[in-house]
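Take a look at the structure set out below.
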Amino acid sequence: MEVKINRLKRYFGLTRAVDDISFSFSSGEIVAFIGSNGAGKTTTMRILATLDEPTEGDVELDGVSAVNHPEQVRKLIGYMPDSLPTHRDMTVHEYLDFFARAYSIPSEKRAQTIDDVQSFTGLGDIRNNTLHSLSKGMKQRVSLGRALIHDPPVMVMDEPAAGLDPRARIELRELLRILADQGKAILISSHILTELSEICGGAVIIEKGKIAVAGTLDEILSQQAPQTVLAVRPAGGLEEARQALMLLPNVENVAVVGNELEARISGGEEEASQILSELMKQGIQIAEFKRRGGDLESLFMQITGKEDEGNGK
C-alpha cells in the first residue's frame, strides 16, 4: 500500500493551515510527522482520514482518491485521534462492538475480531469497564483498538503517546513495531521526538503549513548542518567546567543535566576532540566524556530556529 499526499492545501479564510505539501509513505514504514502546535499536522491527518476536505490537492491510497472516493478510503485507514471521546455509560467491549458493526464486519466474525483486537491491545481484562473510568494509557489503547478493528493497511496516529507514563510509551512502541512488521503503513505525530527516532525510519517536518524537510532519518540528518551533543561529567565543580565550555569555539549551548553538562556543538568528531583537549589544557578534570550525533530533536530546533530568524523573531 502506497499513500501519496499530492499538493495538499487547506485554507480557513485567510489562514493557510496546509500550504501545498506533498510526501508519501508505504507498507511497513513508520513515518514521523513533526511540527509545532498549529503547523498543520492534525489538519493533514484529518484530511487523510476523510474527516475534512482539502481546499486543493488530494490524498491517494494505491491510486484511490480520498476526495473522489472517501467511502473506499475509510475502509483502508485506521485513524487514532489525539483523544478518545468520552461515553460515560459505554464499556470497552460495547465501544469496539459499535465500530465493528459500523465497518460492517459480519456477525459470525465480529466476536472473534473484537476478541483478537482486545487481546492485541491488552484490553481483555477491562473489556467490561466503562470508558470514563479508564486511565489515559488505557483510553489510548481503546483508541488504538478502534482504529484496528477493521484491520486497515494504513494507520494515521495523532499524538498517541501524549500523556502516557514511561511504561505505557514503551508498550506503545512495541505495538507499533509489530504493526509495521505486519505490513501496515504508519504515519505518527508526536512531541516526544526522542521516542520517534527510535521507531521511525522516515520523517516529515512541517512548519507553518509547509514541509521544511522530508526523507529517511539518515537522509535528513545528513542534510542538516552537522551538530553534536557532548555529555561531560567533570571530576570537579560543574560551574567551573560549564563556564570553560561556554568560552570554547564551536560550543553553541551548555546545559546542566544532573551531574553532567550537555554541550551542543557545531561539527563532529574532530571538533569534539578539540574541545576535550582544550578542557584538559585548562586543568578541567573530566571523569566521563561522551559524544552523541544529531537527532530529531536537534534537527527540529535547527529548522524552527531558522524559520523564526527569517520572520525576525
Given (1) surrounded by fewer than 18 Cβ atoms within 10 Å (Cβ to Cβ); (2) in contact (Cβ under 8 Å) with a residue 12 or more places away in the chain; (3) under 27 Å from S26 (Cβ atoms); (4) in contact with a Leu (Cβ under 9 Å, 6 or more places away or on another chain), where does Y103 come up short, assuming only one miss? (4)
Looking at segment 52-99, which of its residues are among the acidic types (D, E) and not in a loop (DSSP other than H, G, I, E, B)? E56, D58, E60, E71, E94, D97
Does I114 satisfy being open to solvent by less than 90 Å² (accessible area, probe 1.4 Å), closer than 28 Å to S135 by Cα and either among the small types (G, A, S) or over 23 Å from the mean Cα position of the chain (by Cα) (or both)? yes
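Need a quick list: helices (runs of 4 or more DSSP H) entirely within segment 180-280 having at least 2 residues that are modelled with pLDDT of 90 or more and not polar (S, T, N, Q).
Because the criterion is at least 2 residues that are modelled with pLDDT of 90 or more and not polar (S, T, N, Q), the helices (runs of 4 or more DSSP H) in segment 180-280 that meet it are 238-246.
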Go through (1) open to solvent by less than 60 Å² (accessible area, probe 1.4 Å); (2) over 30 Å from E29 (Cα atoms); (3) in contact with an Asp or Glu (Cβ under 9 Å, 6 or more places away or on another chain) and name the single condition T228 misses. (2)
Is it true that some residue in segment 183-198 is more than 30 Å from F23 (Cβ to Cβ), open to solvent by 20 Å² or more (accessible area, probe 1.4 Å), of a type in the set (V, I, T) and in contact (Cβ under 8 Å) with a residue 12 or more places away in the chain? no
Does segment 126-144 contain any residue that is open to solvent by 10 Å² or more (accessible area, probe 1.4 Å), among the β-branched types (V, I, T), assigned to a strand (DSSP E or B) and in contact with a strand residue (DSSP E or B) (Cβ under 9 Å, 6 or more places away or on another chain)? yes
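The values are calculated or read from the model by the stated rules, or taken from the named source; none is laboratory data. What you are looking at is a predicted structure, and each value in this text was computed from that prediction instead of being measured. Note: ideal-geometry Cβ built from the backbone for every residue, glycine included; neighbour counts use all protein chains shown. Only protein heavy atoms, including side chains, enter the accessible area calculation; ligands, DNA and RNA are left aside. Shrake-Rupley method; radii C 1.70, N 1.55, O 1.52, S 1.80 Å.
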